[in-house]
Structures are given as structure tokens and as C-alpha cells.
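Here's the structure we're looking at; comments come further down.
The values are calculated or read from the model by the stated rules, or taken from the named source; none is laboratory data. Quick caveat: nothing in here was measured; it's all calculated off a predicted structure. Neighbour counts are summed over all protein chains in view; Cβ atoms, including those assigned to glycine, are modelled from backbone coordinates with ideal geometry. Each accessible area value is taken on the protein alone, full model and side chains, heavy atoms only, with ligands, DNA and RNA left out. Shrake-Rupley method; radii C 1.70, N 1.55, O 1.52, S 1.80 Å.
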Amino acid sequence: MSNDAPSSIDMLQRLVAFDTTSRNSNLELIKYIQNYLDDFGVESTLVPNADGTKANLFASIGPEAEGGIVLSGHTDVVPVDGQPWTTDPWTLSDKGDGNLYGRGTCDMKGFIAVALSRVPAFQRARLRVPMHFAFSYDEEIGCLGAPALVEKLLGNVPWPRAVIVGEPTMMGVVNAQNAGGGIVATFTGVEAHSSMTHLGVSAVHFAGDFIHWLNELQDELAQRRRTDIDTVPGHTTINVGIVTGGTAGNILARECTLNWGYRTLPGDDPWEVQRRAEKYVAELLLPKMRAKHPEANITFKRRSFLPALNPEENVEAAKLALQWTGGNRTYAVPYGTEASIFRGHGISTIICGPGDIAQAHQPNEFVARSQMDACDAFVGKVIQWAETR
């Protein structure tokens, strides 16, 4: 690899080409980044998962001093399965409309591409505080890699002053995010011939009852809309993302699994939905199942939980980021990010990155070139600031 740094667009092209869907390994992309940094003499550290199939990466440029800035991003992306893409999702495509298309362009390889393209600029600068990279795995399925990454990073570098998580915010400064919980509910019924429903229990039917109850709870929670925070929508949300179950159309299903979750606003009780769901199941739904057959069962297994990011906890990072963007206000968002994990360790953290979250997880995902330019200018301001501390 040449020591000439690619542009942020060229780097984005390289990153998009790696299929880092969360079900896959991210090691090829991580090794690419590690080799790229090696070519510029930048040492990096890998933090693998338990079986070594995935890894986080962190690296530092500049003096070994406190008060640095962490540029954080996740390397995994969501699936493209079943989506009507009009271009190859693993090839960066320019249709001449000012947008760059490909899976992960917006969420969130665009930010990582900008950060990596600036490595020579970081090295040329007379930094008084260091710049740290922190790139994780499995953010899209519950921020699974970030906890180990953050602990390892903070155990090996001088204490940072602020963290910038580059999720898509249209380069606005976000200092508040929703909490989020993910749960797998397993309904176990009793198989029987579909003409003899009195002999069995359909797990699918009772899972349907639970989904109906969640919909009613969602309608109730939507009536609690808050106006003191600018998330959209301004209330707790619930989603059932995956439903699997049954073996044949003429058999009462023995098992049905729901992968579901919820998001609550900062300041709201993040456990209310799960607590009420458990109560409904224990007091009403499960007894109804067992009245048909005593072997029926329902279990909940927590898949993930991400705390909220509260605005009053992030004053320092927000002040800095507003200087670098030229903005005059902060925002709140309904989605979750790794920001709350950094903040949980006591570091002031905000979210600010290129692209519109409305494009995330969509077919024909894109990031605007203008957003990449704005992010590049933002990182340039970070470098100027780091030279004058």
C-alpha cells in the first residue's frame, strides 16, 4: 500500500467493499485498517471476541497525554437480504446525483472513512493532545463489542477529554439518545393435528396474542408524548423484528420465537416495557396456555440493553463539537449508539457524523457527498483545536 493517503471517498469505497453484516466476521476489514495504519507507522490494538471471529480496534496518534479526542465508529452493517437494491450494495456507486450509494455509506463507514483518510494530517499536525480511533464490532445487534473495546481503550491510553461517535446526524451535535432493550421471547406449545386443536397448544397463536398486546401497549405509550425533548417520535416505541415458528400448515406449532425490543426516552423508566410484559405473561398469558396443556411455557431472554444518553451529562463534548461544527444547538435522537457506553465510564460523549439516519438500514442506502465534505471539515477543526491546547 502506498503511503499516500486516499481521499475520504476512496477510503469509503474500500470499506464498503467488505461485507461486514453482523452475522459475518469483520476481521478482513479490521485487518485492512490495521495494515493501513501500519503503513503510516501507527500501532493499533485488537480486542477480539471470545472465539476470535471478530475484533474491535483502537489506535492513537500524537503525544501520550490526557485530554485527547476519541473518534468512535462501528464496523458492522445490517443485512441487505430481500431489499430491492438497484446497485450492488458492496460497491460504492455514484449516480451523479450528489449521493454515494452502498451498504454502510451512511451507517457508518462514512465517518470511519473520513477519520482514516486524515491519518497523515494527524501525523503532520503538532498535536498537543492525542487523537484516538475506536472501531467496534456488532453494534447493530446490541453494541456487543463496545464494552470490551471501551474498557481496553481506557485501560491503555491517557484519559480522553471527549468522545465523538460518528453515527449519522447530518453533522448536527447530538447529546441525548433513547435507551433500548432487546428481548427474545420463546413460546413453547404442544404439537397436535390441526383438526384436533383441543389436544394441543399452538405456540404461534399465543405469540400472536403477545404481539397484539404489545401493539396495544404501544398505542398507550404513544399517548405519553413528551415535548421537552426533540426526539421523533417523542414517546417509547416497540418493535417485533423477527418471528419464527411452526413446522407445517397442518400442525399446531410447538415453538415460536419473537425477537422484539423497545426504546425509551432519556429520563423515562427504561425497564417499564419489559416489566409490564413479564407481568402480562406471568399473570394472564401463560396461565391461559397452561389451562390448555400444563407443558406449555413462555420464556424471555434479554438479548441486549443500552442505557439512555442524558444531555446534562455531556456538556464538555457538546461545547467542543458545537465549536467544530459551527452549530448553535444540540439535538436528541430516538436511536441508540455506543455513546452511552463511553458515557457510562465517565467520559463526556456526543454523537456527530455524516449522513441522515433516515437512510440507515434502507435499500439503496446513501451518504451525500456534501455530508462527507462537512465531516472532513469537522475533523480538520478537531486537528486545529488539538494543535492549540
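Values computed for the structure shown
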read-out: Subset tally (residues that are over 26 Å from residue 146 (Cα atoms) and charged (D, E, K, R)) for the range 88-136; value: 7
read-out: Whichever residue in the range 65-104 is among the polar types (S, T, N, Q) and out of contact with any helix residue (DSSP H, G or I) (no Cβ under 6 Å at 6 or more places or on another chain) and, among such residues, is surrounded by the most Cβ atoms within 10 Å (Cβ to Cβ); value: 72
read-out: Single residue of the range 281-307 satisfying the filter (touching a helix residue (DSSP H, G or I) at 6+ places or on another chain (Cβ under 7 Å) and at pLDDT below 95) that is nearest to residue 201 (Cα to Cα); value: 306
read-out: The range 332-373: number of residues that are open to solvent by 40 Å² or more (accessible area, probe 1.4 Å), hydrophobic (A, V, I, L, M, F, W, C) and touching a strand residue (DSSP E or B) at 6+ places or on another chain (Cβ under 9 Å); value: 2
read-out: Qualifying residue in the range 40-50 (condition: in contact with a strand residue (DSSP E or B) (Cβ under 9 Å, 6 or more places away or on another chain), open to solvent by less than 30 Å² (accessible area, probe 1.4 Å), assigned to a loop (DSSP other than H, G, I, E, B) and more than 15 Å from residue 139 (Cβ to Cβ)); value: yes
read-out: Matching entry among 201, 184 (being open to solvent by less than 10 Å² (accessible area, probe 1.4 Å), modelled with pLDDT of 95 or more and aliphatic (A, V, I, L, M)); value: 201
read-out: Residues located in the range 45-58, provided they are in contact (Cβ under 8 Å) with a residue 40 or more places away in the chain and either touching a Cys at 6+ places or on another chain (Cβ under 8 Å) or closer than 21 Å to residue 16 by Cα (or both); value: 54, 55, 56, 57, 58
read-out: Output for the range 16-36, where each listed residue is buried (at least 16 other Cβ atoms within 10 Å of the Cβ) and within 18 Å of residue 122 (Cβ to Cβ); value: 33, 34, 36
read-out: Restricting the range 279-294 to residues that are under 32 Å from the mean Cα position of the chain (by Cα) and exposed (fewer than 15 other Cβ atoms within 10 Å of the Cβ), the residue that is nearest to residue 304 (Cα to Cα); value: 279
read-out: Residue satisfying all of: in the range 175-198; aliphatic (A, V, I, L, M) and in a strand (DSSP E or B); farthest from the chain's Cα centre (by Cα) among these; value: 190
read-out: In the range 317-331, residue surrounded by the fewest Cβ atoms within 10 Å (Cβ to Cβ) [restricted to those that are of a type outside the set (Ser, Thr, Tyr) and part of a helix (DSSP H, G or I)]; value: 323
